[in-house]
1. Do we have THR192 as open to solvent by less than 10 Å² (accessible area, probe 1.4 Å), in contact with a Gly (Cβ under 7 Å, 6 or more places away or on another chain), of a type in the set (Val, Ile, Thr) and without any contact (Cβ under 8 Å) to a residue 60 or more places away in the chain here?
2. Tell me the residue from ASP195, ASP153, ASP172 that is of a type in the set (D, E, K, R), in contact with a Lys or Arg (Cβ under 6 Å, 6 or more places away or on another chain) and outside any strand (DSSP E or B), please.
3. Suppose we keep only residues that are outside any helix (DSSP H, G or I) and open to solvent by 20 Å² or more (accessible area, probe 1.4 Å) within the range 320-339. Which one would you say is nearest to ASN43 (Cα to Cα)?
4. Take the residues in the range 221-243 that are surrounded by fewer than 21 Cβ atoms within 10 Å (Cβ to Cβ) and in contact with a Gly (Cβ under 7 Å, 6 or more places away or on another chain); name whichever of them is modelled with the lowest pLDDT.
5. Name the residues in the range 247-285 that are hydrophobic (A, V, I, L, M, F, W, C), free of Cβ contacts under 8 Å to residues at least 60 places away in the same chain and open to solvent by 30 Å² or more (accessible area, probe 1.4 Å), would you?
6. If GLU312 passes every condition in (1) modelled with pLDDT of 95 or more; (2) surrounded by fewer than 19 Cβ atoms within 10 Å (Cβ to Cβ) but one, which one does it miss?
7. Residues that are over 19 Å from ILE290 (Cα atoms): list the strands (runs of 3 or more DSSP E) wholly contained in the range 6-52 that include at least 3 such residues.
Amino acid sequence: MSRSIVRQSKFRHVFGQAGKAEQCYDDIRVSKVTWDSSFCAVNPKFLAVIVESSGGGAFLVMPLSKTGRVDKNYPLVVGHSGPVLDIDWCPHNDNILASGSEDCSAMVWQIPDHTPTRPLSEPIVTLEGHSKRVGIVSWHPTVRNVLLTAGSDNLIIVWNVGTGEPLISMDDHPDLIYNVSWNHNGSLFCTTSKDRRLRVCDPRKREVVAERLAPHEGIRPMRAIFTREGNIFSTGFTRMSQRELGLWDPTNFEEPIALLEMDTSNGVLLPFYDVDTNIVYLCGKGDSSIRYFEITEEPPYVHYLSTFSSKEPQRGMGFMPKRGVDVSKCEIARLYKLHERKCEPIMMTVPRKSDLFQDDLYPDTAGPEPSMEVEEWLEGRNEDPILVSMRDGYIPPKSRELKVAKKNVLDSRPAPKRSMSSCDGSNLPPQLLEKLLDEVQMLKATILSQEKRICDLENKLSKYTNGTA
């Protein structure tokens with residue numbers, strides 16, 4: 001008697017569920033710019049969406065709790081002079097966001113906890129080093145204040161945001177870079193490019209350590225991400241324009257670990273990877289479905305789980321870090337789907353009867369604390385992310401902690417006046433030089449005290465507006 005063998009996996013029955021109407025964010029004018037980024041970034045405190053804007057680039061940032069219809073006069077973040085192409089939340093501070101734009105710059109923003117009363121136009125720091133548009137921004141997963149940017153000048157720059165200075169610059173790509181993905185501890189990153197090559201780069205050695213020509217034979221854009229085990233999961237197109245996904249070992253690029261053909265569609269598949277469950281969610285731009293696969297060490301290595309389907313096509317997608325999911329409902333992932341005029345949360349859930357905490361679904365996950373400082377990383381040290389338990393859920397830190405982060409960022413930025421005076425110091429009398437330095441110190445102290453006063457007033461204002469005072 002033959003018996004069919006079903007693969008054992010606790011994620012075989014994961015199902016997706018769209019949020020109710022009152023959980024959605026309505027009347028958001030999602031950007032129409034022709035760039036294959038996700039247009040949406042989310043963390044346990046905020047939702048950020050790139051929106052249509054006249055006279056430059058803008059994006060909308062709202063607290064997650066502010067669901068419903070978005071006021072058309074809601075203050076935007078408006079510092080860029082060209083359309084915004086990519087945004088990314090800092091994994092180590094839930095109030096810090098990076099953005100890249102067609103104006104050839106990247107900017108880092110501090111988002112206040114309370115609802116701002118006017119548009120935010122002053123970034124903490126502006127990063128200028130690209131000669132063409134900046135289409136990719138990506139924070140380092142384990143090091144404090146390190147950001148990677150990639151532009152249409154085919155240049156990759158790794159920045160120290162604390163000082164606003166470039167640490168590493170790589171020009172190994174002869175053509176447009178489609179995407180960049182750090183590995184689990186940030187020692188390497190992989191890239192896909194218009195020259196149809198998949199590369200693995202070591203930023204500290206400033207070299208490409210492995211590459212593969214045409215992992216997918218089609219000429220349409222590819223995407224690639226690192227998995228927990230150090231393999232690379234890629235999406236692309238066959239020569240016949242069928243969408244395809246692959247799993248590769250970067251130490252042996254000759255043959256794929258797995259290669260699966262999917263369907264015929266034009267949309268680029270954006271992969272979102274959950275390192276704790278080893279599940280990858282594939283969202284195609286223009287699709288109305290989300291497919292998800294489990295990556296394992298047994299053949300066929302990439303296992304199809306299921307598809308979440310809806311009626312409306314997606315314009316973009318945001319992926320919540322594991323810290324932000326609801327453990328009481330056995331939710332293992334949450335995606336934020338962008339429609340033409342709204343944003344809809346989609347919860348991925350494992351059906352369980354018990355209301356108790358499910359240890360097997362929630363291993364310790366990456367927390368908000370960085371593992372290293374910039375200097376340690378540059379010296380060659382590697383550290384995995386610092387893990388936190390999900391047993392009691394995650395409570396985002398209060399706003400008083402971000403004053404310290406803001407102060408640190410400002411303190412570590414070079415003061416332009418000081419650099420000017422130090423350049424001309426040899427031509428100045430010692431008394432005058434000392435007087436100028438004293439004046440600079442006094443001005444810095446005044447600025448810091450005024451900033452503290454502004455933060456106190458804003459917190460007081462938010463208490464009144466929220467009805468808690």
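1. no
2. ASP153
3. Filtering first and then ranking leaves PRO321.
4. Among residues in the range 221-243 that are surrounded by fewer than 21 Cβ atoms within 10 Å (Cβ to Cβ) and in contact with a Gly (Cβ under 7 Å, 6 or more places away or on another chain), the one modelled with the lowest pLDDT is SER241.
5. If the condition is that a residue be hydrophobic (A, V, I, L, M, F, W, C), free of Cβ contacts under 8 Å to residues at least 60 places away in the same chain and open to solvent by 30 Å² or more (accessible area, probe 1.4 Å), then ILE257, LEU259, LEU260, MET262 are the ones that fit.
6. It is condition (1) that GLU312 fails.
7. Output list reads 46-51.
Rundown of residues vs (1) in contact with a strand residue (DSSP E or B) (Cβ under 7 Å, 6 or more places away or on another chain); (2) within 16 Å of ARG334 (Cβ to Cβ); (3) of a type in the set (Phe, Trp, Tyr), yes/no style:
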{"residue": "ASP26", "(1), (2), (3)": "yes, no, no"}
{"residue": "VAL30", "(1), (2), (3)": "yes, no, no"}
{"residue": "TRP35", "(1), (2), (3)": "yes, no, yes"}
{"residue": "ALA48", "(1), (2), (3)": "yes, yes, no"}
{"residue": "VAL51", "(1), (2), (3)": "yes, no, no"}
{"residue": "GLY55", "(1), (2), (3)": "no, no, no"}
{"residue": "PRO63", "(1), (2), (3)": "yes, yes, no"}
{"residue": "LYS66", "(1), (2), (3)": "no, no, no"}
{"residue": "ASN73", "(1), (2), (3)": "no, no, no"}
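The values are calculated or read from the model by the stated rules, or taken from the named source; none is laboratory data. Note that the structure is predicted; figures quoted are calculated from it, not measured. All Cβ positions, even for glycine, are placed from backbone atoms using ideal geometry, and neighbour counts span all protein chains on display. With ligands, DNA and RNA removed, areas are computed over all heavy atoms of the protein, side chains included. Shrake-Rupley method; radii C 1.70, N 1.55, O 1.52, S 1.80 Å.
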